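Participant: Here's a structure for you.
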Amino acid sequence: MTTLRATIVGAGGLGGPIALALGAAGFELAIVDHDRVELSNLHRQIQFTALDIDQLKAARLADAVVARGGSARGIAARWTPDTADELARDADVVVDGSDDPATKFAVSDWAVANGRYYVIAAALRYGGNVMAGAPGVGCYRCLFEDPVDVPSCADAGVLGPVVGAIGGVAAAVALALTRGDRALAGALLVFDDLRKATEPRIVRFASRRDCPACARAPISPTATPVRVAEVQ
Ligand SMILES: [Zn+2]
């Protein structure tokens with residue numbers, strides 16, 4: 001069986017469960033994060049311990065994956081349009097768990113231009129969302145157009161267990177896509193409040209006719225005006 005490769009962008013609260021789950025599932029991982037572990041991270045980044053403080057997050061998370069029998073390397077870098085090729089050249093899927101809107105758009109744009117699967121996860125306070133990106137369907141930029149200033153986890157806070165739940169969903173979506181299951185391809189799963197045991201809202205949307213990212217896609221999504229519809 002061919003080994004699947006995933007590049008994980010962000011080694012924090014979301015990147016931790018994403019990497020541990022995909023590492024345990026047999027993926028070969030490249031984990032990208034430029035940051036170091038801080039004491040204030042530990043309540044929501046449970047892959048780290050106090051012994052990891054001041055260490056590079058990417059390296060320590062890769063160590064945690066390897067300690068559980070997985071295969072991972074940590075890369076101390078930022079994902080940008082300039083570094084993306086090198087960070088994900090051989091990745092079957094790129095999974096974003098960063099805390100930065102510009103990075104999420106850069107992940108989506110690169111994956112669309114290179115015809116790769118991608119998953120973009122975000123968590124804030126009690127909820128979050130996960131986008132399942134795939135060739136041939138509307139992209140993250142079709143839906144959100146441009147980065148906007150949203151409060152970050154560090155500023156607005158996030159309940160520790162919420163990132164574990166959203167990260168777990170992101171890993172499951174990455175597994176499904178790379179197995180060829182396109183049931184959720186192009187959909188955004190929205191969890192409004194994980195304290196309430198509700199199903200996610202599944203938001204499906206058409207590609208945007210003037211999306212600059214999709215204009216570079218090797219497999220062009222059908223160009224129809226954007227239409228956001230909730231089917232569930
Ligand atoms: Zn697009």
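The values are calculated or read from the model by the stated rules, or taken from the named source; none is laboratory data. Note that this is a predicted model, so its numbers are computed, not measured. Neighbour counts are summed over all protein chains in view; Cβ atoms, including those assigned to glycine, are modelled from backbone coordinates with ideal geometry. Keep in mind that these areas ignore ligands, DNA and RNA; they rest on the heavy atoms of the full protein, side chains included. Shrake-Rupley method; radii C 1.70, N 1.55, O 1.52, S 1.80 Å.
Participant: As I understand it, the dipole of the chain uses +1 on the Cβ of Lys and Arg and -1 on the Cβ of Asp and Glu, about the Cα centre. Which of PRO147, VAL162, PRO221 lies farthest toward its positive end?
Facilitator: PRO221
Participant: Now for a different question. Express in % the proportion of alpha carbon pairs of the stretch 98-188 at distances exceeding 16 Å.
Facilitator: That fraction is 53 percent.
Participant: Another one. So what is the relative contact order of the chain, in percent, for Cα pairs below 8 Å that sit 6 or more residues apart?
Facilitator: Relative CO of the chain lands at 20 percent.
Participant: Can you compute the charge dipole magnitude of the stretch 60-166 about its Cα centre, using +1 on each Lys and Arg Cβ and -1 on each Asp and Glu Cβ, nothing else charged? Give it in debye, rounded to the nearest 20.
Facilitator: 400
Participant: For VAL93, VAL137, what's the largest-to-smallest order of accessible area, 1.4 Å probe?
Facilitator: Descending order: VAL137, VAL93.
Participant: With only alpha-carbon atoms in the gyration tensor, what are the semi-axes of the equivalent ellipsoid for the stretch 76-132, in Å, largest first?
Facilitator: With the √(5λ) rule applied to the stretch 76-132, the semi-axes are 20, 13, 9 Å.
Participant: Related question: Suppose accessible area is computed on protein heavy atoms with a 1.4 Å probe; arrange LEU189, LEU51, LEU194 from highest to lowest.
Facilitator: Reading off the accessible areas and sorting them downward yields LEU51, LEU194, LEU189.
Participant: For ALA187, which sequence-distant residues (separation of 5 or more, or a different chain) have an amide H within less than 5 Å of its own amide H, given hydrogens modelled in the peptide plane?
Facilitator: So ALA187 has HN proximity to ALA132.
Participant: Given 0.36 nm per residue, what is the gain on full extension from ALA24 to GLN55 after removing their alpha carbon distance, in nm?
Facilitator: Here the answer is 8.9 nm.
Participant: Can you give me the orientation-averaged projected area of the convex hull built on the Cα atoms of the stretch 38-164, in nm²?
Facilitator: The number I arrive at for the stretch 38-164 is 8.3 nm².
Participant: Here's something else I'd like to know. Which helices, counted as full DSSP H runs in the chain, have an axial Cα extent of no less than 20 Å and a Kyte-Doolittle average of -0.5 or above?
Facilitator: Span-like helices here: 160-178.
Participant: Compute the normalised compactness of the stretch 1-45: alpha-carbon radius of gyration over 2.2 N^0.38 Å, N being the residue count.
Facilitator: 1.26
Participant: Grab the other residues whose beta carbon is less than 14 angstrom from that of ALA50, score K and R as +1, D and E as -1, and report the net.
Facilitator: -1
Participant: Then there's this: When the helices in the chain are scored as -39500 (n - 2.57) per DSSP H run of 4 or longer and the sum is shared across all residues, what 222 nm value do you end up with, to the nearest 500 deg cm²/dmol?
Facilitator: -8500 deg cm²/dmol
Participant: Hey, what did the stretch 11-113 get for relative contact order, percent, Cα under 8 Å, at least 6 apart?
Facilitator: 31
Participant: Among bridges DSSP assigns within the chain, what percent are antiparallel (round to 5)?
Facilitator: If we restrict to bridges inside the chain, about 50 percent are antiparallel.
Participant: Send over the per residue convex hull volume for the chain, Cα only, as a whole number of Å³.
Facilitator: Cα convex hull per residue, to the nearest whole number: 114 Å³.
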